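The values are calculated or read from the model by the stated rules, or taken from the named source; none is laboratory data. Everything quoted here is computed from the prediction, not taken from an experiment. Ideal geometry is used to build each Cβ from the backbone, glycine not excepted, and the neighbour counts take in all protein chains shown. To get the accessible areas, we keep the full protein, side chains included, count just its heavy atoms, and leave off ligands, DNA and RNA. Shrake-Rupley method; radii C 1.70, N 1.55, O 1.52, S 1.80 Å.
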Amino acid sequence: MKKIKAFFVGMAAMTMVACGGGDILTGVLGGLTGTDGTGASGIGNVLTSVLGLDKVSEAGLVGSWRYTRPGVAFTSSNVLAKAGGELVAQEIENKLQGAYNSVGIKSSNTYFTFGSNKQFEGKLLGTGLSGTYTYNPSTGAINMKTALLGININGYITGTTNGISLLFEGKKLLSLLQTVASLSGNSTLSTIGDLSTNYDGLRIGFDMSK
């Protein structure tokens, strides 16, 4: 089923490139996601996920979230069309999976709990983090302030079929991982920086579920 969805999404992406517009994608999304904008089924869900269109409410963010796989989203339909669609997103995700595995990112050492009192705690690569957070559900922007090493984490929350994605601009994620893991100059982690250079308007990070 996944291969079938990938095929149709790839065809949609090639059509967008040939016709030179994100307007076609907008039409496809409108026809497949439904009026509620949840992207709850079929190819529409794949496209909304790749574009990071699914919104997460403040109440929906509250809870404990554990890393499941790399997260990838483009910031606009134009960027998606230029990059080549969901198939390219899958390729990027596969490259990230290798990088994440190499540095040891897994569900047991990368997770976050967001409280209704605007407090958060968790671990990133096994390093404990805690502090306060602010979240804007209309834009998905999240800011986590922690005293550890002076880290101020700025990212984006989007919804997925199985939970949420915590996403970052590529270079910011690279910097964050290098700081937390003390791996500055690690050749594997540089892959993240390379991806962000090759694809402007790409956000990468972590898919998470409860």
Only one of Ile164, Ile153 is open to solvent by less than 20 Å² (accessible area, probe 1.4 Å), within 22 Å of Lys55 (Cα to Cα), at pLDDT 95 or above and touching a helix residue (DSSP H, G or I) at 6+ places or on another chain (Cβ under 8 Å), namely Ile164
Residue hits (region 59-78; surrounded by fewer than 17 Cβ atoms within 10 Å (Cβ to Cβ), at pLDDT below 95 and assigned to a helix (DSSP H, G or I)) are Asn78
Item to complete: Please indicate, with yes or no, whether at least one residue in region 116-133 is buried (at least 19 other Cβ atoms within 10 Å of the Cβ), in a helix (DSSP H, G or I) and either modelled with pLDDT of 95 or more or of a type in the set (Val, Ile, Thr) (or both).
Response: no
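Which ones in region 134-150 are surrounded by fewer than 17 Cβ atoms within 10 Å (Cβ to Cβ) and either farther than 17 Å from Ser57 by Cα or hydrophobic (A, V, I, L, M, F, W, C) (or both)?
Step one: of region 134-150, the residues surrounded by fewer than 17 Cβ atoms within 10 Å (Cβ to Cβ) are 134, 136-139, 141, 143, 145, 147-150.
Result: Ala141, Lys145, Ala147, Leu148, Leu149, Gly150.
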Counting only residues in region 167-179 that are open to solvent by less than 10 Å² (accessible area, probe 1.4 Å) and of a type in the set (A, V, I, L, M), the one modelled with the highest pLDDT is identified as Leu167
